[in-house]
1. Can you find, within region A:298-337, the residue that is nearest to the other protein chains (Cβ to nearest Cβ) among those that are among the polar types (S, T, N, Q) and out of contact with any strand residue (DSSP E or B) (no Cβ under 9 Å at 6 or more places or on another chain)?
2. Restricting the search to region A:166-180, which residues are away from every other protein chain (no Cβ under 14 Å) and either among the β-branched types (V, I, T) or not in a strand (DSSP E or B) (or both)?
3. Which residue out of A:P72, A:P78, A:P114, A:P107 is modelled with pLDDT under 95, within 26 Å of the chain's Cα centre (by Cα) and more than 14 Å from chain B (Cβ to nearest Cβ)?
4. Kindly establish whether A:A376 is under 27 Å from A:D481 (Cα atoms), crowded, with 24+ Cβ neighbours inside 10 Å and in contact (Cβ under 8 Å) with a residue 24 or more places away in the chain.
5. All but one of (1) away from chain B (no Cβ under 14 Å); (2) part of a loop (DSSP other than H, G, I, E, B) hold for A:E343, so report the exception by its number.
6. Can you tell me which of B:A240, B:A280, B:A217 is assigned to a loop (DSSP other than H, G, I, E, B), of a type in the set (A, V, I, L, M, F, W, C), within 23 Å of the chain's Cα centre (by Cα) and surrounded by 20 or more Cβ atoms within 10 Å (Cβ to Cβ)?
7. Among the residues of region A:62-99, which ones are hydroxyl-bearing (S, T, Y) and out of contact with any helix residue (DSSP H, G or I) (no Cβ under 7 Å at 6 or more places or on another chain)?
8. Out of the residues in region B:378-416 meeting the condition of being part of a helix (DSSP H, G or I) and not aliphatic (A, V, I, L, M), tell me which one is nearest to the other protein chains (Cβ to nearest Cβ).
Number of protein chains: 2
Amino acid sequence: MRYKFERMEFLCVRALLLLFMAAAFAMSAQDVPPLGGWSEEDSSMVARIHEQVLGKGECYEDLRVLCKDIGPRLSGSPEADAAILWGGKTLQEVGVGDVRMQPVVVPHWERGGPERAWLRVDGGEMEPLRVAALGGSVGTQGDLEGEVVVFRDFAELDSLGEAGLAGRLAFFNRPMDPLMINAGSAYGGAYEQRSKGAVEAARHGGMAALVRSLTHAMDTFPHTGGMRYDEEVVQVPAAALSTVDARRIAGLVQEGHEVRVGLNMGCMLHDDKSQANVIAEWTGSEYPDRYIVVGGHLDSWDIGEGAHDDGAGIVQSIEVLRTLHALGYRPRHTLRVVLFINEENGNNGGKTYALRAREKGEWHVAAVESDAGGDAPRGYSIDATDAGTAAVRAWKEGLSQYGVGDLRRGGAGVDIGPLKKEEPAGKRPLMVGLRPNSQRYFDYHHSDRDVFENVHERELKLGAAALTSMVYLLDRLNYDDLD
Amino acid sequence: MRYKFERMEFLCVRALLLLFMAAAFAMSAQDVPPLGGWSEEDSSMVARIHEQVLGKGECYEDLRVLCKDIGPRLSGSPEADAAILWGGKTLQEVGVGDVRMQPVVVPHWERGGPERAWLRVDGGEMEPLRVAALGGSVGTQGDLEGEVVVFRDFAELDSLGEAGLAGRLAFFNRPMDPLMINAGSAYGGAYEQRSKGAVEAARHGGMAALVRSLTHAMDTFPHTGGMRYDEEVVQVPAAALSTVDARRIAGLVQEGHEVRVGLNMGCMLHDDKSQANVIAEWTGSEYPDRYIVVGGHLDSWDIGEGAHDDGAGIVQSIEVLRTLHALGYRPRHTLRVVLFINEENGNNGGKTYALRAREKGEWHVAAVESDAGGDAPRGYSIDATDAGTAAVRAWKEGLSQYGVGDLRRGGAGVDIGPLKKEEPAGKRPLMVGLRPNSQRYFDYHHSDRDVFENVHERELKLGAAALTSMVYLLDRLNYDDLD
């Protein structure tokens, strides 16, 4: 079980870190933190950053334009093209750094118009049902209907045997675990139903996969999201049900009713398209050939407006550049604001960026991402060496004054992830992800609820200030000392 | 964003807490934390509390009943009577402890029907204007109309001289400072305009006071709230304007227009009424004569539904009792859940409770309040001696695993406040207030927006679990050692 192994590994890493920290603390109450820590200058600059963003920040207005004038912008769509143009123009208007487009080949999947779906209980009348095709799903080639079998996990499905689902639909109904404190962790624990449900259903002869939407909210909105096929398994359609419908259908089946679901989805996968990452580059005064990246992803799913996911991260990243420029700051390292394309269904933006960086032998000293929504920031997750982690943790007290003192090891972001693999040995970038309150994020995520109106102006701005502060602090570090 | 596994699961949390314990022990065989710190038993109990509340908590349903079946419940109103009965019944149904009513004399002010107000620019037509009389304001005795003069603070008003406002209305328009990180602090900085505006206006001959609503939100909802008169100054009416109207009126005045505002408010102050604090008392196993209080306030303003302020605190306090009982916990100290009356306009519930406690010579070792809304909890504010503060701070790492590690010194709550004065010398209770995310609270506070729909189920429950955890931890302390 790969998952279990990863968890053990994770616990061990954290255990070692904690013991290291305890030892370090015991050793040296008076010793200076390893890499500068938090200076008076930092206090002053982080205060000025917050004043600037809260008082004069433009990220909320930027988000309004991105959500309302452009709207959802799935990779390959004309709206994604429009978002790329808007991103370039908006970065250019900041008035510092060179803006360029980095070509990226992206998949071009389309929902193909609204899905039609229906429910039929005990052979009765068809009742309309609201579904959302999962991103990447094949279409149904006309109407499809079959009996629904409900599963909590793939092991339950396996117990049916090889062709045990023939002529029927698998419905994966395991909720996000409400007992987990962090909603992102609960999402992680239910995620494979969406990503692998179609493959597992088809492996047992099933005609389609239905998945309970990945959200804690009990409402009528289906949430889409990425899924994969396996070359060796036939491709069957996959769609998400709202939590309200999921509860009802599971209840009916439990009570012994025969529940049939029908689907008609026109999803299509077109030829790949060429789109782009948008990059603003501001040359460093001391280390022009060392790079700090900050970004989010410009693409979104094709429903809702991609406001939290990841319009927020995009406008916050642009605000980093605007804020540091407005304050007359001059970065020591070359700062790149990157609006990545295609995070949602391929991550080709992140992969291409990392590949080009490696081809040019660029040393990325740090990479920061905002892709966990625009709610009130609480801290950062750190993906770095022990020394890098300690350097960030040395800012804990300072950051706590701004409500962002929650510093944990963990993934920093999907877009910047490939930089970890592509960097030359020994030059692993210090990676940091902004971590907002997670409790409401999945209420909106990948659904029609992810709209501008559900982003809170002050919370978005506090996140932008926290992101800017982190970029500033990372720019102050000396990476030659950091091993 | 596609979350990979950021697993912060309970098992993992427990393991980490054990490691923290081990690390803390290794670090300091010689300097044990002052008062027990965080034990393995604490880890286990706090985990169980969170599982219980998130999995089986009833506070969200309680809040629905309080908001939808009873609604707003200003002191003295029949709705406050209904809320008192509901509170008693709900506590009784928990099935542990004795429930009683503690009589409290409360003021009985009424808005007297919807206010009528209008705007007249440069002598033109009357335009309707939406206002909310401040709580405690006198009525207008028919129509009142006068020119508006805009002030940022009382010093500006003073510069007009003694009768400088004769025949005019003062409009106090200083916004909550958007540059402050904590919205509660920004509220504190603008608060005196509402509480003293009428007195200051009248002192200079003004016929009424208008106050910009105390909120960061830019919208059309006026926010009411308490205000005071001074025995030596004539009483003039006072009302709140929405931020949108405040901005417009200030803009018109700034541009040189003559702006007149008319008011017709039927506010009335009736004779005092007898209402009650609702108290559930669960006798302690070790120290039956030492008390820990946890509570919030049952009364609310008369607009909205008092959902965040302070329905949330009420249902969370009830959940403390329900949760500890469900887990088979037996408190060492006598635990009192107190649903205070009259926090909003007099605090007679808090004062009466403290007075009775003093009369009986009760030693309150600790007091906890939830009255800062039902949004995601971030920590606690501590009002205690140095030793008491250190005892709470010793739990920081443990609490951080649940997202509530932000521990600061500060006020703990208005209702429990009088306990500080009334306790015998040297027996100051250790006071703690739950501190949720403050950014959205004032969007709702004291307005028609403070309704059940604006409370998030998981965030409310996380707050209830955090409140219960704090009460449990405080019950574990040995107060004889705490000086």
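The values are calculated or read from the model by the stated rules, or taken from the named source; none is laboratory data. Values in this document were obtained by computation on a predicted structure and should not be read as measured data. Quick reminder, even Gly has a Cβ in these numbers, built from the backbone with ideal geometry, and neighbours come from all protein chains shown.
1. Step one: of region A:298-337, the residues among the polar types (S, T, N, Q) are A:300, A:316-317, A:323, A:334.
When the remaining residues are screened for being out of contact with any strand residue (DSSP E or B) (no Cβ under 9 Å at 6 or more places or on another chain), the result is A:300, A:323.
Values: A:S300: 11, A:T323: 14 Å.
Within region A:298-337, the match that is nearest to the other protein chains (Cβ to nearest Cβ) is A:S300.
2. Here is the first cut: in region A:166-180, the ones away from every other protein chain (no Cβ under 14 Å) are A:166-174.
If the condition is that a residue be away from every other protein chain (no Cβ under 14 Å) and either among the β-branched types (V, I, T) or not in a strand (DSSP E or B) (or both), then A:A166, A:G167, A:N173, A:R174 are the ones that fit.
3. Numbers: A:P72 fails: modelled with pLDDT under 95; A:P78 fails: modelled with pLDDT under 95; A:P107 fails: modelled with pLDDT under 95.
Just a single option satisfies the conditions, and that option is A:P114.
4. Against the criterion (under 27 Å from A:D481 (Cα atoms), crowded, with 24+ Cβ neighbours inside 10 Å and in contact (Cβ under 8 Å) with a residue 24 or more places away in the chain), A:A376 does not qualify.
5. A:E343 satisfies all of (1) away from chain B (no Cβ under 14 Å); (2) part of a loop (DSSP other than H, G, I, E, B) except (1).
6. From the options B:A240, B:A280, B:A217, the qualifying one is B:A217.
7. Result: A:S75, A:S77.
8. Among those residues, the one meeting the criterion is B:S400.
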